[in-house]
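The values are calculated or read from the model by the stated rules, or taken from the named source; none is laboratory data. Since the model is a prediction, treat every value here as computed from it, not as a measurement. Here the Cβ is made from the backbone with ideal geometry for all residues, glycine too, and neighbour counts use every protein chain on show. Note: accessible area is taken over every heavy atom of the protein model, side chains too, but ligands, DNA and RNA are not part of it. Shrake-Rupley method; radii C 1.70, N 1.55, O 1.52, S 1.80 Å.
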Amino acid sequence: MSLNKPILWNFYRGASWRVRIALAFKKIDYEYKSVNIDKGEQFTKEYENINPNNEIPTLQIDGFNLTQTMPIIEYLDETRPSEPKLIPVDSYLRCKARSIAEIVNSGMQPYQKVIKRLGKELGEEEKNARLELSTKKAFKAIESILAETSGKYCIGDSITIADIFLVPAVHAARLQKINLNHYPTISRITDRLDQLPEVIQTHPKKQVDFQQS
Amino acid sequence: PVLYNFHRGSSWRVRIALALKKIDYEYKAVNIDKGEQFTKEYEKINPNNEIPTLQIDGFSLMQTMPIIEYLDETRPYEPKLLPTDSYKRYKARSIAEIINSGMHPYQKTIKRLVNETQEEKYKKIELLTRKAFRTIESILSETSGQYCVGDCITIADIYLVPAVHSARFQKIDLNEYPNISRIIDHLNQLPEVIKTHPKNQIDYHQA
């Protein structure tokens with residue numbers, strides 16, 4: 001094992017996929033270390049030394065331990081400024097790319113994590129109804145932004161952080177069996193993204209720790 | 001510029017950033033207690049039915065992190081809200097994100113849930129605050145000077161102010177977090193923090 005090879009502590013499911021995609025686009029080879037959150041492995045003393053917040057993913061790179069998917073991806077893009085530029089050059093487009101990502105990052109995903117955790121108390125029907133509402137709210141907003149900014153991808157014709165956040169969000173929506181026909185731009189862009197090797201190779205089902213739920 | 005916002009909540013972050021960058025703006029109140037974010041009129045401005053929205057430079061900007069990054073990039077004079085060094089930029093952003101996507105949205109969701117007692121809700125909310133503060137305190141022991149990251153104010157400080165304010169009714173002793181405590185005492189003296197405080201806004205009313 002190379003001393004300098006980055007290490008990604010992550011799980012096949014969830015927000016970790018975003019960082020795997022970013023690493024793939026930046027052609028950064030890394031060691032995959034699985035932290036099984038179904039078994040609470042994020043709470044072991046070993047992992048806590050790496051990430052005192054007991055969360056995944058953590059990316060060990062350049063001698064640092066990085067957490068939080070948005071700052072990790074911004075760090076990768078700034079320190080590896082090779083194409084694709086995950087954050088656009090133009091200030092307004094940078095803001096748009098980040099807003100799309102944040103609608104998912106701080107809007108949809110945390111809300112859904114709470115709802116899922118309360119699953120038993122809410123009941124299956126109520127839980128699914130709320131998950132669907134929250135996805136629709138986020139996708140309505142993103143679809144509206146994309147009407148202005150999209151080309152082949154979310155922002156023009158280059159992959160950005162917006163696409164990276166969209167992929168796992170749409171994947172989750174499909175698992176929830178939400179009808180995406182109301183979001184034609186999201187559908188079109190995701191269909192294209194799903195063909196990319198960087199998205200295929202980082203897909204949950206291709207990871208070493210994948211298991212059927 | 002026009003800032004659609006409310007005296008309470010995450011809007012304060014953007015008000016502080018605008019004040020630090022000395023950007024004058026028109027304050028438009030969107031009363032979220034009355035559901036004004038769901039009016040057709042406001043939806044045209046922000047299709048996500050959320051506040052704040054900042055109209056500036058002919059654009060409509062949403063989401064507090066991207067808004068503040070935009071302001072810093074387009075107004076690159078002091079104070080630089082993002083440090084220059086890549087690792088320090090990362091640290092400033094991660095402190096902000098612990099609050100932005102780690103603490104605040106979870107707490108908002110729990111408050112809204114109807115199936116739990118107030119006591120149960122507040123227990124969960126307090127746990128989330130402690131978790132966030134513990135993590136931030138640990139980062140600050142590495143990064144802080146006068147402020148969260150070194151001796152200049154950054155996006156991390158901007159996020160810290162409303163986060164600590166929102167925890168004021170929780171049974172949390174800030175002395176358990178000496179770096180947070182020290183930095184907040186300093187931040188709370190700044191004119192940019194005082195004038196943008198919820199109680200000093202035109203739409204302020206006791207909850």
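One table, with the values for the structure above:
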read-out: Gap separating the Cα centres of the range B:1-61 and the range A:5-28, nearest whole Å; value: 34
read-out: Share of alpha-carbon pairs per 10 Å distance bin for chain A, given as whole %; value: 8, 34, 37, 18, 3
read-out: With all protein chains modelled, accessible area of A:Asp194 [1.4 Å, Å²]; value: 50
read-out: Burial ranking of peptide ranges A:174-185, B:189-200 (average Cβ count within 10 Å, highest at the top); value: B:189-200, A:174-185
read-out: Pairwise label distance in nanometres, B:Lys199 with A:Ala129, each label 7 Å out on the Cα-Cβ vector; value: 4.1
read-out: Cα-only radius of gyration and Dmax that characterise the protein assembly as shown, units Å; value: 20.5, 60
read-out: Amide proton proximity set for A:Leu86, modelled H, under 5 Å, gap of 5+; value: none
read-out: Mean Cβ neighbour count within 10 Å, used as a protection proxy, ranking B:84-93, B:53-62 highest first; value: B:84-93, B:53-62
read-out: Proximal lysines to A:Lys26, defined as alpha-carbon separation beneath 24 angstrom and excluding residues fewer than eight positions away on the same chain; value: A:Lys5, A:Lys85, A:Lys96, A:Lys152, A:Lys205, A:Lys206, B:Lys88, B:Lys91
read-out: The protein assembly as shown, helix-only ellipticity at 222 nm - DSSP H runs n ≥ 4, -39,500 (n - 2.57), divided by all residues, nearest 500; value: -15000 deg cm²/dmol
read-out: Carbon and sulfur %, accessible surface of the range B:1-63 computed with the full protein complex present, 1.4 Å; value: 50
read-out: Inter-chain Cβ neighbour average for residues A:89-95, partner chain, 10 Å; value: 5
read-out: For A:Ser158, residues with placed amide H under 5 Å, excluding near neighbours; value: A:Tyr153
read-out: Label-to-label distance, nm, for residues given as B:Gln146 and A:Asp194 (7 Å Cα→Cβ offset); value: 5.4
read-out: Packing-based order for B:69-80, B:131-142, using average beta carbon neighbours within 10 Å, highest first; value: B:131-142, B:69-80
read-out: Greater than 30 Å apart at Cα, pairs in A:Lys137/B:Lys131; A:Lys27/A:Lys177; A:Lys137/B:Lys124; B:Lys80/B:Lys131; A:Lys39/B:Lys123; value: A:Lys27/A:Lys177
read-out: Per-residue average of Cβ from other chains inside 10 Å of B:94-107; value: 5
read-out: Accessible area of the range B:76-150 belonging to carbon and sulfur atoms, whole % at 1.4 Å probe; value: 54
read-out: Cα gyration tensor shape of the range B:86-192, rounded if a/c is under 1.5, else prolate or oblate by comparing a/b with b/c; value: prolate
read-out: Rounded to 5, percent antiparallel among DSSP beta bridges of chain A; value: 60
read-out: Other protein chain Cβ atoms within 10 Å, averaged over every residue that makes up B:60-71; value: 6
read-out: Total formal charge among the other residues, if their Cβ is under 11 angstrom from that of B:Lys111, Lys/Arg +1 and Asp/Glu -1; value: +3
read-out: With DNA, RNA and ligands ignored, accessible area of B:Asp185 (1.4 Å probe; Å², nearest 10); value: 90
read-out: Largest-first principal axis extents of the Cα set of chain B (Å); value: 48, 47, 28
read-out: Apportionment of accessible area to carbon and sulfur, chain A, percent (1.4 Å); value: 51
read-out: Per-residue ³J(HN,Hα) for the range A:57-64, Karplus 6.51 cos²θ - 1.76 cosθ + 1.60, θ = phi - 60°, Hz, x for Gly and Pro; value: x, 10, 10, 9, 8, 6, x, 10
read-out: Solvent exposure of chain B as accessible area per residue, Å², 1.4 Å probe; value: 45
read-out: Per principal axis, descending, Cα span of the range B:2-78 in whole Å; value: 38, 23, 20
read-out: Alpha-carbon Rg with Dmax, taken over the range A:91-198, Å; value: 14.1, 44
read-out: Chains A and B together, accessible area buried on both sides, 1.4 angstrom probe, square angstrom; value: 3500
read-out: The range A:182-213 versus the range B:162-197: alpha-carbon centroid distance in Å; value: 42
